[in-house]
Every structure is written in C-alpha cells, then in structure tokens.
Amino acid sequence: MTNIQPSITQLPERPYVAIAASVTMDTIGAVVPPLNGEVFRWLGARGIAPAGPPFWRYNVIDMERKLEVEAGVTVAAAATGDERVRAGVLPAGRYATLRHTGAPDTLIAATAYLQEWAAAHGLKWDMSQSASGELWGCRLENYLSDPAVEPDLTKWVTELAFRLAD
C-alpha cells in the first residue's frame, strides 16, 4: 500500500559501503538480502557505525535478463573498501521519492506508481539506455523497517528514491 504521495527531495552526497551482485528477477530475493547482513557485520568488525538504513541500489536494470544491484548502507565518513565490500558515494541531486508500506513483493507496483507519477509531471530520470539495460545514476530502495522489530512483512516501510536528471 503506497500511502504517501511522491515528492521531490534534494539529497546531499553521501558516502556508503556495499556489496555488489549480478542477479535475475528469479534470484534477487535469495541472493541480495543476506548481503545487507554481511555489510553490517563488515562495518561492525571495523567499528564503523551506519549513518542510515540499509538500501539496495540498482545500477543496471534489464528485467528480462539481469540486474546489477548493490546492498549497502550510508556511513558518516568515507570508508575504504576491500575485495568484497566496495566504498562509494551516492550522488547529490534531486530525487523523486515515495514511502511505501507493504511486503517486498509489492515494491514492483510501488515502483510503477512512482514512475507513472514522474512521467505525468514531466520529470526525467538520471538514467540512460545501453545494451546491458537501463543504467541508473542512483536508484535506491531504502529499507526503513527493522525485521527484528517488525516481523510482519505487510507493515514494512520502504522509501524509493530515484535520482532525477538535471
């Protein structure tokens, strides 16, 4: 259930750490969620506190073939990655955002709603087409609910934040 209308938000540049994965729509649910836990364990081992909720960043999307996704979290200051965990920066800019309440399998409909809203308002994404699929400047799903606190998937809150073209 998408219970809040989309809006446009200016976000600052934010450092983050993440683990990347190449997945299909059939494998994303099994492959990517455990990576968030691995990122948090990596941070804990280094004494680095997360500065925000866990997220998935979609870098390349081809729904029929594969998706290039990062499971990560923002940090207060730039960190140095390693062979498994990459460090990066989420770009500053204007983002179309939408807060959605519902199980993860309802995010496809919420994403379609955000995309339709943006199109109806003449907004353009920071995205280009390539032979690999859609290349996104920054397309995030921020997971605001802690499953340990809220085990009911239908009550989970996720914020979609897609960067707009300048």
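Cβ neighbours within 10 Å, averaged per peptide: list 27-37, 130-140 in order, most packed at the top. Walk me through the intermediate numbers first.
Working: 27-37: 14.6, 130-140: 16.3.
Listed from highest to lowest mean packing, they are 130-140, 27-37.
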If you fit an axis through the alpha-carbon atoms of helix 107-120 and take the longest principal axis of the Cα set of the chain, what angle between them do you get, 0 to 90°, nearest 10? 50
Given Cα pairs under 8 Å that are at least 6 residues apart, what percent is the relative contact order of the range 110-166? 37
Using only Cα atoms, tell me the angle between helix 33-45 and the longest principal axis of the chain; keep it within 0 to 90° and round to the nearest 10. 40
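Could you calculate the contour length gain from Arg86 to Leu153, that is, 0.36 nm times the residue separation minus the distance between their Cα atoms, to one decimal place in nm? Present the calculation step by step, with values, prior to reporting the outcome.
Details: separation 67, 0.36 × 67 = 24.12 nm, distance 2.89 nm.
My answer for the length gained is 21.2 nm.
None of the figures in this text is laboratory data; all of them are computed from the coordinates on show. For clarity, every value in this text was computed on a predicted model and none was experimentally measured. All Cβ positions, glycine included, derive from the backbone under ideal geometry; neighbour counts span all protein chains shown.
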